[in-house]
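What follows is a set of notes on a single structure, which appears directly below.
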Amino acid sequence: MLKKILVVSAIVLTFGASSGFAQGKLSIYHWFEYIPQELLNKFSEETGIEVTMDTYDSNETLLANLKGGKLGSFDVAVPGDYMVSIMNSEGLLDEIQPGELSNMGNIQPQWMDVSFDPGRKYSIPYQWGSTSFSVSRDVFGGDIRTMGIIFDPPDELKGKINVLDSQGEVIAMASLYLGIPQCTSDRDQLQALDELLQGAKENWASFNSDGAKDVLVSGDAAVGMIWNGFGAKARAEGANIEYSYPREGLVVWMDNVVLLKDAPNRENALKFMDFLLEPENIAAVTNYARYSAGVEGVDVFLDADLKSQPESVPPADAPAGSFVEPCDEEVQVVYNQIWTRVKQ
Amino acid sequence: MEPVYHQKRAFDPLRIWLLLPSWVVIGVFLLIPVGLMLLISFMTKEFRGGVIWEFSLAAYDQFLIDRGLFGDDPPTIEWTYIVIFLRSIVQATIATIFCLIIGFPTAYFIATREPQNRTFWIFLVTVPYWVNLLIRTVSLKFLIRDNGPINEFLLSFGLLSEPLGLINTNIAVQLGLFYSYLPFMVLPIYASVERFNFTYSEAAADLYADKWSTLRRIVLPNVVPGIAAGCILVFIPSLGAFIAPDLLGGAKNFMIGSLIEEQFKGNAGNWPFGAAASMILLTMVLIALLFYTRQQSKGEV
């Protein structure tokens with residue numbers, strides 16, 4: 001997949017090293033296309049730390065690779081909300097001791113005591129946003145404020161739908177569409193979930209996360225399940241698309257920078273986290289990725305058009321957001337089976 | 001019967017020392033990993049990836065027996081994975097046939113050029129393969145997609161009224177496999193055609209054989225080892241491919257490779273099951289190869 005190109009081309013920055021002030025290294029495990037290179041350069045210039053980055057395209061891939069032996073080779077990673085609690089329960093995270101981060105106070109109060117990391121002992125906010133879908137207005141003129149566009153599409157959209165290759169988000173969305181709770185262990189509800197996805201799959205063209213923007217820009221997909229900022233970027237690149245705020249509910253997420261267990265450069269990881277809590281720096285991420293930051297004082301650094309971009313401003317009647325919930329093993333086994341049946 | 005001097009030489013100390021590096025390489029890079037896979041396939045899966053070191057047949061059970069969504073229906077045969085395996089075998093077989101149809105004439109053409117020109121033709125065959133497989137597959141995706149150059153060309157000249165709709169289908173996967181592994185067919189066939197002594201063909205022609213009989217009765221039997229090697233080299237990697245189904249097939253229809261990848265890198269996180277699927281694949285390939293080598297050695301006797 002494309003992410004492997006990015007992995008292969010992971011860039012080594014040597015700004016500090018060339019002037020003889022190498023202050024060690026920092027190894028980041030990050031989502032694809034989620035941090036501007038200029039910001040990494042700036043960090044290297046300020047600290048003299050050499051940065052290397054590897055990328056992944058789903059929370060599940062991040063977990064699988066860390067458990068598969070990559071723990072100990074990275075310092076920081078950027079898991080989504082539910083994955084923070086899963087990684088913590090799997091013992092993959094290192095605790096941030098009080099006082100180790102001098103910019104901890106910059107975090108907005110509403111993001112301080114979050115359900116997936118009470119008291120922010122293991123993580124700091126990176127970006128937050130929603131997962132929904134964008135629809136090409138060249139192809140479809142009707143009402144898009146329903147998840148039926150994805151799960152029971154009108155004829156003109158059949159076979160032109162790209163879905164994120166992300167079990168957690170697809171199943172959470174399907175649960176909202178059916179009006180059933182996440183991680184339900186009710187058999188009838190799980191059966192309905194299975195039937196819904198089996199039926200919907202017939203109308204889907206592809207599963208693709210790292211290409212979710214490209215298929216909309218190129219016109220290969222008329223509907224693309226997508227993260228709000230990524231959808232905004234697709235629109236900025238010329239796709240005539242509209243982001244949907246479905247009435248059934250909205251999947252929201254927050255990505256967080258975590259300190260990994262056995263980090264080879266723990267000190268530098270903390271420096272990087274402090275760096276990302278500076279409003280100016282995290283605003284650079286927001287300007288690039290088109291999501292929202294969780295830090296006080298970023299507004300003055302944000303691009304003017306961000307504040308009005310439809311992907312970030314839900315309509316007044318938009319439903320409250322729901323995070324993807326981590327399920328227990330009994331339900332997860334059924335989810336995995338449903339997912340395999342969808343993708344077989 | 002093996003000649004006796006072979007057995008004597010097996011105990012030659014120098015011979016043992018000289019072979020040691022290959023044994024170490026085979027042991028470290030082949031036997032240990034495969035042994036580990038075999039072991040893991042009989043272990044208990046850990047929730048969300050990983051292995052609990054307790055014996056279990058759950059992985060093979062999951063592969064073969066369907067107990068419904070909740071695991072307590074009466075057991076029936078599990079078709080999901082059999083279908084995935086069959087799909088992979090069909091895809092790999094078709095890819096091999098297409099590679100043979102295109103690859104044999106190509107190799108024959110190259111091998112019958114003037115010796116000084118052959119390198120140039122071989123060079124042309126290999127040039128695209130200097131580029132990484134992933135990049136080539138992505139390029140193919142750009143070429144064949146609905147708004148890609150091929151469709152735009154055909155549409156603009158009125159040869160089609162709507163796009164071919166190749167992308168995200170099994171045909172696109174097929175195209176990807178064929179394109180990825182074509183030189184693996186051309187090169188071994190070229191090597192054996194090049195070694196073929198064409199005076200035999202001349203002799204056949206002198207004996208009033210027409211071109212078709214010459215090809216069928218003189219050339220083909222002599223180049224069969226090259227064809228067989230080519231078929232094996234195309235079939236086996238096609239069987240385990242996952243880049244083509246992911247990128248060209250839209251990740252919608254699992255092939256064996258993508259099924260295994262999903263167990264280790266994707267959502268499922270079921271290492272023993274991934275290992276079991278790998279072992280079943282390995283066993284199938286081994287049986288096919290054993291069958292082939294037996295046929296070969298029979299032919300030599």
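Based on the convex hull around the alpha carbon atoms, region B:129-282 presents an average projected area of 13.3 nm². No disulfide-compatible partner, judged by a Cβ distance under 4.7 Å, exists for the following cysteines of the protein assembly as shown: B:Cys99, B:Cys231. Round to the nearest 0.05 the FRET efficiency obtained for B:Val285 and A:Glu296 when R0 = 60 Å and r is the Cβ-Cβ distance. It comes to 0.50.
With a 10 Å cut-off around each Cβ of B:265-275, the average count of Cβ atoms from other chains is 6. Spatially, region A:86-132 and region B:101-155 are offset by 51 Å when compared through their Cα centroids. Remark: relative contact order (region B:82-262) = 35 percent; criterion is Cα-Cα distance under 8 angstrom and separation of 6 or more residues.
Computed from the alpha carbon positions, the gyration tensor of region A:71-166 leads to an equivalent ellipsoid with semi-axes of 39, 16, 11 Å, biggest first.
Once the Cβ-Cβ distance of B:Tyr292 and A:Gln198 is raised to the sixth power relative to R0 = 51 Å, the FRET efficiency obtained is 0.80. In this calculation the C-beta distance from B:Val25 to B:Asp73 is compared with R0 = 60 Å, giving a FRET efficiency of 0.80. Which one of A:Gln189, B:Leu31, A:Gly231 has its Cα pushed farthest toward the positive end of the charge dipole of the protein assembly as shown, where Lys and Arg give +1 and Asp and Glu give -1 at the Cβ? Projecting each Cα onto the dipole axis, the largest value belongs to B:Leu31. Farthest toward the positive end of the dipole of the protein assembly as shown, out of A:Pro125, B:Ile82, A:Leu178, is the Cα of B:Ile82, where the dipole comes from beta carbon charges about the Cα centre. For A:Glu330, the solvent-accessible surface with a 1.4 Å probe is about 140 Å², rounded to the nearest 10. Among the listed pairs A:Lys201/B:Lys141; A:Lys70/B:Lys45; A:Lys160/B:Lys141; A:Lys67/A:Lys213; A:Lys158/B:Lys265, those whose Cα-Cα separation exceeds 26 Å are A:Lys67/A:Lys213; A:Lys158/B:Lys265. Just so you know, the Cα atoms of chain A work out to an Rg and Dmax of 20.1, 65 Å.
Fraction of C-alpha pairs exceeding 15 angstrom in region B:94-188: 67 percent, rounded to a whole number. For the protein assembly as shown, the mean residue ellipticity at 222 nm estimated from helices alone is -15500 deg cm²/dmol, where every DSSP H run of n ≥ 4 contributes -39500 (n - 2.57) and the total is divided by all residues, rounded to the nearest 500.
Inter-part distance, region A:168-221 to region B:250-301, computed on C-alpha centroids, equals 29 Å. Under a Gaussian network description of chain A, with springs only between Cα atoms under 10 Å, the residue in A:Ala293, A:Ala205, A:Ala232 that fluctuates furthest is A:Ala205. Shielding of peptide B:59-69 by partners, expressed as the average count of other chain Cβ atoms within 10 Å per residue Cβ, is 1. Restricting attention to chain A, close to 60% of DSSP beta bridges with both partner residues there are antiparallel.
Potential lengthening of the chain between A:Val313 and A:Val139 amounts to 60.3 nm, from the contour at 0.36 nm per residue minus the alpha-carbon distance. If you wrap the Cα atoms of region A:72-116 in a convex hull and average its projected area over all directions, you get 3.9 nm².
For region A:186-272, the Kirkwood hydrodynamic radius comes to 16.5 Å, computed from all pairs of different C-alpha atoms.
Pop out the Kirkwood hydrodynamic radius of region A:121-245 from its pairwise C-alpha distances, inverse of mean 1/r, in Å to one decimal.
In region A:121-245 this quantity evaluates to 15.0 Å.
Across region B:8-80, Cα-Cα distances exceeding 15 Å account for 71% of all pairs. For chain A, modelled as a GNM whose springs connect Cα atoms under 10 angstrom apart, the maximal fluctuation among A:Ala200, A:Ala316, A:Ala64 occurs at A:Ala316. Here region B:82-262 is assigned +1 on the Cβ of each Lys and Arg and -1 on the Cβ of each Asp and Glu. Its dipole about the Cα centre then comes out at about 180 debye. Expressed as a fraction of 2.2 N^0.38 Å, the C-alpha radius of gyration for chain B is 1.25.
Ranked by the mean number of other Cβ atoms within 10 Å per residue, highest first, peptides B:29-36, B:66-73 order as B:66-73, B:29-36.
Mark the label point 7 Å from the Cα of B:Ala209 along Cα→Cβ and return the residues of region B:218-262 whose backbone N is within less than 20 Å of it. B:218-228, by backbone N distance to the label point. The residue list B:Ile97, B:Met284, A:Gln332 was ranked by how far each Cα lies along the charge dipole of the protein assembly as shown toward its positive end, using unit charges on Cβ atoms, and B:Ile97 comes out on top.
Modelled this way, with points 7 Å down the Cα-to-C-beta line, the labels at B:Val34 and A:Glu237 are 4.3 nm from one another. Note on chain B: GNM, Cα springs under 10 Å; of B:Asn132, B:Asn168, B:Asn151, the largest mean-square fluctuation is that of B:Asn132.
Cα centroid separation, region B:184-244 to region B:60-93: 38 Å. The alpha carbons of the protein assembly as shown occupy a box of 93, 69, 64 Å along the principal axes, longest dimension given first.
The values are calculated or read from the model by the stated rules, or taken from the named source; none is laboratory data. Note that this is a predicted model, so its numbers are computed, not measured. Because the Cβ atoms are built from the backbone with ideal geometry, glycine has one as well, and the counts that use them run over all protein chains shown. Just the protein is used for accessible areas: all its heavy atoms, side chains included, with ligands, DNA and RNA removed. Shrake-Rupley method; radii C 1.70, N 1.55, O 1.52, S 1.80 Å.
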